[in-house]
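A quick write-up on the structure given underneath.
The values are calculated or read from the model by the stated rules, or taken from the named source; none is laboratory data. Keep in mind that this is a model prediction, so the values were computed, not measured. When we count neighbours, we look across all protein chains shown, and the Cβ atoms used for this are built from the backbone with ideal geometry, even at glycine.
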Amino acid sequence: MCCLSKEKTTRITVDADTLRSEIRDKSVKVLDIRKEEDYKQGHLPGAINFPLSSLLSDDSPETILQHTQSFGIDDETHVVVYDDTFGALASRVAWTLQYIGHEEVSILDITYGSWKKLGLETNTESPSLGKKTHSLKIQPQILATADYLMPAKEKGAVLMDNRERLNFLENHIPGAINIPYRMLASPQNILRSKDELRRLMQNRNISPDSEVITYCGSVGTLSGLGYYALKSIGLQNVKLYVRSFKEWKSLERPIEKQKDANYWDLSAE
């Protein structure tokens, strides 16, 4: 198989040095996705607290737009999102901003815990915010619904389940492949290097022009990380099934179970 194509120039992730420079230049808005009590104990300079629970309580485009504008984010603002949960929560928020049409959104390539271990700047001050205007340009091409999945698969789309291996073996959407979210990360960063990710996808027969739909257990966090792993290596036709397996089961859609899942050999994983 030929190598996956090189990605377009886009900042899927940003490193700590780049972000520190942008914070000093005041050319970025930083969103901290951790719980409020964790945020109050310390956070990146100038970071705005936007706990994932606030998003999940109402993730309609109109409500997300209101949040975005209240944070002082307009269409041209570079937004960097971080968490302390291997990038999964940050990925879900970044995807949501992208869905409402915000193009300049990136994920910090390390967690808050790693930032602190590096001895980088933190503080406990809450920034003052001025409201700005942001347009609403829904991007339906990055969202998959339950009704979309099976017709897309019949046309060749890849369904990627990013849950833990044992959860996948127990039950999953028919025909899905499993790439557990832990396989996407390196010891230092929320995502492996691009070369490593390309090899991983090649080994799973995911080609540069594949349509890939990622999903996980419930709200699209682990699969959000899967989404950005694919985007980071240049795949263009990637969608997130944001309601994920929880919705699929509630709709009583077909489910596959690996025979003898409890005894499945995980030695190769």
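Applying the criterion of being in contact with an Asp or Glu (Cβ under 9 Å, 6 or more places away or on another chain) and within 11 Å of Ile142 (Cβ to Cβ) to the residues of the range 206-231, the residue that is surrounded by the fewest Cβ atoms within 10 Å (Cβ to Cβ) is Lys231.
If you go through the range 10-40 and keep only what is among the polar types (S, T, N, Q) and closer than 13 Å to Ser106 by Cα, you end up with Thr10, Thr13, Thr18.
What helices (runs of 4 or more DSSP H), lying completely within the range 88-172, carry at least 1 residues that are among the β-branched types (Val, Ile, Thr) and within 20 Å of the chain's Cα centre (by Cα)? In the range 88-172, 88-99 are the helices (runs of 4 or more DSSP H) which contain 1 or more residues that are among the β-branched types (Val, Ile, Thr) and within 20 Å of the chain's Cα centre (by Cα).
Being hydroxyl-bearing (Ser, Thr, Tyr) and touching a helix residue (DSSP H, G or I) at 6+ places or on another chain (Cβ under 7 Å) is the filter; apply it to the range 81-99 and report the residue that is nearest to Leu19 (Cα to Cα). Give the derivation first.
Step one: of the range 81-99, the residues hydroxyl-bearing (Ser, Thr, Tyr) are 82, 85, 91, 96, 99.
Okay, now just the ones that are also touching a helix residue (DSSP H, G or I) at 6+ places or on another chain (Cβ under 7 Å), so 82, 91, 96, 99.
Details: Tyr82: 11, Ser91: 17, Thr96: 21, Tyr99: 23 Å.
Of everything passing the filter in the range 81-99, Tyr82 is nearest to Leu19 (Cα to Cα).
For every residue, the table says whether it meets (1) among the acidic types (Asp, Glu); (2) part of a helix (DSSP H, G or I).
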site: Asp17; (1), (2): yes, yes
site: Thr68; (1), (2): no, yes
site: Asp75; (1), (2): yes, no
site: Val81; (1), (2): no, no
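Would you be able to say whether some residue in the range 112-121 is closer than 24 Å to His43 by Cβ, surrounded by 20 or more Cβ atoms within 10 Å (Cβ to Cβ), touching a Gly at 6+ places or on another chain (Cβ under 6 Å) and not polar (S, T, N, Q)? Looking for residues that are closer than 24 Å to His43 by Cβ, surrounded by 20 or more Cβ atoms within 10 Å (Cβ to Cβ), touching a Gly at 6+ places or on another chain (Cβ under 6 Å) and not polar (S, T, N, Q), one finds none in the range 112-121, hence no. Applying a threshold of 6 Å to beta carbon distances and a minimum spacing of six or more residues, or different chains, the list of pairs starting in the range 12-30 at a residue that is within 24 Å of Gln188 (Cα to Cα) and ending at one that is hydroxyl-bearing (Ser, Thr, Tyr) and assigned to a helix (DSSP H, G or I) reads Ile12/Tyr228; Ile12/Ser232. For the range 210-262, the tally of residues that are out of contact with any Cys (no Cβ under 8 Å at 6 or more places or on another chain), in a helix (DSSP H, G or I) and more than 20 Å from Ile107 (Cβ to Cβ) stands at 7.
Of the residues making up the range 41-80, those that are touching a helix residue (DSSP H, G or I) at 6+ places or on another chain (Cβ under 8 Å) and of a type in the set (Asp, Glu) number 1. Residues being closer than 20 Å to Arg11 by Cβ, surrounded by fewer than 18 Cβ atoms within 10 Å (Cβ to Cβ), over 16 Å from the mean Cα position of the chain (by Cα) and not assigned by TED's automatic domain parsing to the domain that holds Trp95 are entirely absent from the range 246-261.
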